[in-house]
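Q: Right, I'll just put the structure down here and ask away after.
The values are calculated or read from the model by the stated rules, or taken from the named source; none is laboratory data. In this text, all values refer to a predicted model and were calculated from it rather than measured experimentally. Cβ: placed from backbone, ideal geometry, glycine included. Neighbour counts: every protein chain shown. Surface accessibility is based on the protein's heavy atoms, side chains included, excluding ligands, DNA and RNA. Shrake-Rupley method; radii C 1.70, N 1.55, O 1.52, S 1.80 Å.
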Amino acid sequence: MRSRSWPDERAHGGTPVSTQQDSGPAGDGVFRTKTVEQSIRDTEEPEFALRKSLSALDLTVFGVGVIIGTGIFVLTGVVARQTAGPATAIAFVVSGIVCALAALCYAEFASTVPVAGSAYTFAYASLGELPAWIIGWDLVLELALGCAVVAVGWSGYVRSLLGNAGASLPDFLSGTQNGRFGFDLLAFLLVLVLTCVLVLGVKLSSRVTSVIVGVKVTVVLLVIIVGALFINGANYHPFIPPSQTAGAGGGLRAPLIQLMAGYTPTNFGVMGIFTAAAVVFFAYIGFDIVATAAEETVHPQRDVPRGILGSLFICTVLYVAVSLVVTGMQHYSRLTVDAPLADAFKSVGHPFWAGLISFGAAVGLTSVCMILLLGQTRVFFAMSRDGLLPRTFSRVHHRFRTPYHSTVLLGVIVAIVAGFTSIEELAELVNIGTLFAFVVVALGVIILRRRRPDLPRSFRTPLVPYLPIASVLASLWLMINLPAETWLRFGVWMAIGFVVYHVYGRAHSRLGLLGGDR
């Protein structure tokens with residue numbers, strides 16, 4: 001039985017929703033908050049309900065599947081050669097600690113508010129509608145560009161494998177690179193295929209991912225085990241190379257902290273480790289995707305924290321082990337930046353293992369691309385269900401129970417972006433978007449603890465508010481080490497988001513229609 005329905009529900013395509021005295025909007029105007037009870041009730045509407053089919057193992061596989069990719073196959077060589085040397089292993093630990101602080105905050109929110117949308121949903125329950133919109137808009141950018149970047153990287157590996165087999169694509173179908181404009185056919189087709197998989201169901205997606213992750217982790221373990229046989233201890237000296245000025249350049253390409261305080265980041269040395277941590281942070285992007293699948297998890301209060309923390313721990317161990325093996329096989333100054341793992345095996349006379357690693361990289365990036373696309377569609381779905389985006393994008397397929405309208409729309413857009421875009425233009429925007437989400441989630445944990453201490457929390461972030469504050473400070477430190485140009489582009493995207501919200505979202509907000517703007 002319902003006591004009240006959303007106003008103008010037929011005009012806005014809404015479905016009547018039961019509301020209780022304690023579940024109406026709190027606060028005024030753009031800072032009204034959507035209570036946890038209302039968020040959970042929205043998931044029970046048949047027309048907009050996702051199928052619950054995921055377990056802790058599925059979530060851990062999702063996490064490992066999206067984290068292990070570009071970082072382990074590419075960034076290891078880039079950072080070791082240019083920034084940290086063998087101490088790259090320490091940089092991975094530092095970056096992993098920053099992510100672990102954020103993961104503990106995500107775990108509390110995801111177990112308390114098991115609703116699709118990740119940081120967007122968490123912000124809506126704690127900070128208000130406008131902050132929630134901002135973070136949702138940010139996540140759409142982060143996940144869309146991340147998916148496009150990974151698809152382009154996957155295309156490069158596949159073209160390399162085709163070249164080894166004596167086949168090749170025409171230049172105009174090989175993407176935009178080295179100043180030459182082209183269309184990346186392989187990246188475009190990959191995203192379209194993965195879009196179809198996601199439409200068919202998240203359980204199918206998890207099964208496909210399980211197979212891919214199995215292949216990928218096997219390859220990574222082979223790299224560690226076989227590579228350990230070729231380690232030369234002399235390559236570890238010096239483990240922390242002497243400090244050098246980074247020479248990042250002036251203008252907008254300089255890190256923001258350099259423009260703000262005159263501090264120039266260094267390569268190598270102790271401070272070089274922290275500079276490297278800001279770079280390898282990209283390698284960890286994706287563990288927060290697990291939180292976007294909370295609504296599709298059978299036992300979210302128990303399994304979502306396990307999936308988040310488990311996948312992060314597994315990947316940190318693998319990253320550290322691979323970086324130690326690679327810098328032990330080949331001196332850091334001679335590592336390549338394109339395919340460091342494969343080339344390290346070539347340098348010791350084992351091209352077979354090099355080819356196997358290239359195959360593993362191509363397979364691994366497939367799962368990364370699919371899970372980023374999954375996360376993006378779930379954030380878009382949650383924003384649409386709240387009326388901040390057109391409601392048609394939150395309708396689920398009658399058979400597959402997936403948000404097929406938003407999945408198809410976003411899949412086509414990402415496929416086009418991947419077809420015409422080079423990696424260099426987008427990667428840094430993904431970093432700043434993720435770190436911004438970390439800051440919002442950490443602040444949200446503190447605020448919700450104060451506002452709703454009565455909420456049942458099956459997982460509680462320890463040492464609140466100190467640990468969330470540490471997460472905010474660590475994330476901000478990595479953010480200000482990014483180029484000022486990245487901040488400028490991020491600001492432009494956020495400004496566009498403000499316009500969209502005030503033109504459409506605020507007027508169509510279901511929460512606003514329930515309580516009215518007072």
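Q: How far, in nm, would the chain grow between residue 346 and residue 253 when pulled straight, counting 0.36 nm per residue and subtracting the alpha carbon separation?
A: 30.0 nm is the gain from fully extending residue 346 to residue 253.
Q: Check residue 243: other-chain or 5+ apart residues with amide H under 5 Å from its amide H, H built from backbone geometry?
A: 269
Q: Please give the length that would be gained between residue 225 and residue 173 if that part of the chain were fully extended, namely 0.36 nm times their separation in residues minus their C-alpha to C-alpha distance (nm, one decimal).
A: Length gained between residue 225 and residue 173: 15.0 nm.
Q: Find the accessible area per residue for region 255-344; the probe is 1.4 Å, ligands and nucleic acids are left out, and the unit is Å².
A: 31
Q: Would you calculate the separation in nanometres between label points at residue 51 and residue 416, each defined as 7 Å from the Cα along the Cα-to-beta-carbon direction?
A: If labels sit at residue 51 and residue 416, their model points lie 3.0 nm apart.
Q: Please report, in whole Å³, the volume per residue of the convex hull around the C-alpha atoms of region 330-390.
A: Cα convex hull per residue, to the nearest whole number: 93 Å³.
Q: Moving to a separate point now. Give me, ordered by chain and number, the residues 5 or more places off residue 54 or on other chains with an amide H under 5 Å from its own placed amide H.
A: Here 297, 298 satisfy the definition.
Q: Is the shape of region 308-358 rounded, prolate or oblate, going by the alpha carbon gyration tensor and its root eigenvalues a ≥ b ≥ c, with a/c under 1.5 for rounded and a/b larger than b/c for prolate?
A: Prolate, because a/c is 1.5 or more and a/b exceeds b/c.
Q: A further question follows. Gain in length, residue 183 to residue 211, computed as 0.36 nm per residue apart minus the alpha-carbon separation, to one decimal in nm?
A: Taking 0.36 nm per residue and subtracting the Cα distance, the gain is 7.1 nm.
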